[in-house]
Amino acid sequence: MEAINNPESFEIFKSRVAEIFKNEGLSEGLKSEIEDWIKLAYERHHKYGSSAEERILIQLQMAQIYGSTEQYDSSWKLLSEAWDYADGMKNTELVKEAEDLIDSIHGRKDQNELS
């Protein structure tokens, strides 16, 4: 679960989740692993002293995990919340990151619907 604290580890975790999903679908084992990761992410999200930026980044990571397993409604909800929060903070860097993820996940959803 080191992926929460380390962006490189997160990318490895996200890739592994996407590969498992591609091969097995949303199996019970994969659901459990994602739920464990989300639980730890929420613990960190609510931890005293974590910055607003850190909380937004965790939401963006969670949205990517949902997107990689085609759970688009959950992904959209998190991205929308993260975008609103970042926009309210006038953090243009995080707004752009959220918008890029929205575009990326929207493109994947469109491709999957065409398949």
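The values are calculated or read from the model by the stated rules, or taken from the named source; none is laboratory data. Just so it is clear, the model here is predicted, and its values are computed rather than measured. All Cβ positions, even for glycine, are placed from backbone atoms using ideal geometry, and neighbour counts span all protein chains on display.
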Filter result for the condition that a residue is of a type in the set (Asp, Glu), in contact with a Phe, Trp or Tyr (Cβ under 9 Å, 6 or more places away or on another chain) and outside any loop (DSSP other than H, G, I, E, B), over Glu35, Glu54, Glu99, Glu93: Glu99
Residues located in segment 64-88, provided they are more than 17 Å from Tyr42 (Cβ to Cβ) and either among the acidic types (Asp, Glu) or touching a helix residue (DSSP H, G or I) at 6+ places or on another chain (Cβ under 9 Å) (or both): Gly67, Ser68, Thr69, Glu70, Tyr72, Asp73, Trp76, Ser80, Trp83, Asp84, Ala86, Asp87
Complete set of residues in segment 28-57 that are basic (Lys, Arg), farther than 16 Å from Leu78 by Cα and at pLDDT 80 or above: Lys31
Hits in segment 61-82 (condition: surrounded by fewer than 21 Cβ atoms within 10 Å (Cβ to Cβ) and either over 16 Å from Ala18 (Cβ atoms) or modelled with pLDDT of 95 or more (or both)): Asp73, Trp76, Lys77, Ser80, Glu81
